[in-house]
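**Student:** Sharing a structure, written as structure tokens. Questions coming.
The values are calculated or read from the model by the stated rules, or taken from the named source; none is laboratory data. Since we're looking at a predicted model, the values are computed, not measured. No Cβ is skipped: glycine too gets one built from the backbone with ideal geometry, and neighbour counts run over all protein chains shown.
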Amino acid sequence: MKAQILPYVHSFPAPAVLIGCGTVAKPNLITCSWFGTVCSEPPMVSVSIRDNRFSYPLVQESGEFTVNIPRSSQLDWVIHCGTKSGRDTQKFADLGITPVACPALDSAPMIEECSLVLACKVKHQQKLGTHDIFIAEIVKIYCDEELVKPNGKADCFPEDQIVYLDKRYFIPKRLK
């Protein structure tokens, strides 16, 4: 027999990504696990952000952001950017990472040290309750050259990505 419990959102794993917003001169990052694919043609993703977060007006006003996909070795970045506010600290400087211009976007920076970055332009925004969802088209993908497969797509290193589940981070094991 199955027990019935109250619904909650972290009953399933979600990717932990770093959303780049602001400008290269004044960059900011926010850790998000409320991120996912919403359409394949055109390629679109969603990210949900509370309106009281420092990053919220940066994404809302610019209409763009980067999705920087961290590796397991960068877990400290994910934790730092998820527990510190850009109102109080300069996250790039704190972590010693490099904000660089994302050529496909007007302002949002990407993390030079991340192997895989999605450049996104917001197409829709909707208030859902505690969070607004930003639905964005992926206009370009930037990745380390060694990740480009013969078919022109990126090897997305799934065994080395960070997953968030019920207030904890996990690194998936390699499948055989």
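**Student:** I need every pair where a residue in the range 90-115 that is surrounded by 14 or more Cβ atoms within 10 Å (Cβ to Cβ) has its Cβ under 7 Å from the Cβ of a residue that is outside any helix (DSSP H, G or I) and basic (Lys, Arg), sequence separation at least 6 or different chains.
**Tutor:** 91/84; 104/140; 115/71
**Student:** Out of the range 39-59, which residues are touching a strand residue (DSSP E or B) at 6+ places or on another chain (Cβ under 7 Å), not charged (D, E, K, R) and not in a loop (DSSP other than H, G, I, E, B)? Break it down stepwise before answering.
**Tutor:** Looking only at the range 39-59, we keep the residues that are touching a strand residue (DSSP E or B) at 6+ places or on another chain (Cβ under 7 Å), and these are 42-51, 53-56, 58-59.
This time we only want the ones that are not charged (D, E, K, R), so: 42-49, 54-56, 58-59.
The answer is 43, 44, 45, 46, 47, 48, 49, 55, 56, 58, 59.
**Student:** Another question about this same structure. Can you give me the ranges of the strands (runs of 3 or more DSSP E) entirely in the range 71-176 with at least 1 residues that are at pLDDT 95 or above and under 17 Å from residue 56 (Cα atoms)? Steps first, please.
**Tutor:** Details: elements: 99-101, 109-111, 116-127, 131-143, 163-165, 168-170.
By residue number, 109-111, 116-127, 131-143.
**Student:** For the range 123-136, does any single residue satisfy the condition of being of a type in the set (A, V, I, L, M, F, W, C) and over 21 Å from residue 53 (Cβ atoms)? Please lay out each step first, then the result.
**Tutor:** Taking the range 123-136 as the starting set, the residues that turn out to be of a type in the set (A, V, I, L, M, F, W, C) are 128, 133-136.
Now restrict to residues that are over 21 Å from residue 53 (Cβ atoms): none.
No, the range 123-136 has no match at all.
**Student:** Something else now. Spot the failing condition for residue 135; the list is (1) exposed (fewer than 15 other Cβ atoms within 10 Å of the Cβ); (2) touching a residue at least 60 places away in the same chain (Cβ under 8 Å), and only one is missed.
**Tutor:** (1)
**Student:** Related question: Which of (1) closer than 20 Å to residue 143 by Cβ; (2) small (Gly, Ala, Ser); (3) buried (at least 18 other Cβ atoms within 10 Å of the Cβ) is the odd one out, the single condition residue 36 does not satisfy?
**Tutor:** Of the numbered conditions (1) closer than 20 Å to residue 143 by Cβ; (2) small (Gly, Ala, Ser); (3) buried (at least 18 other Cβ atoms within 10 Å of the Cβ), the odd one out for residue 36 is (3).
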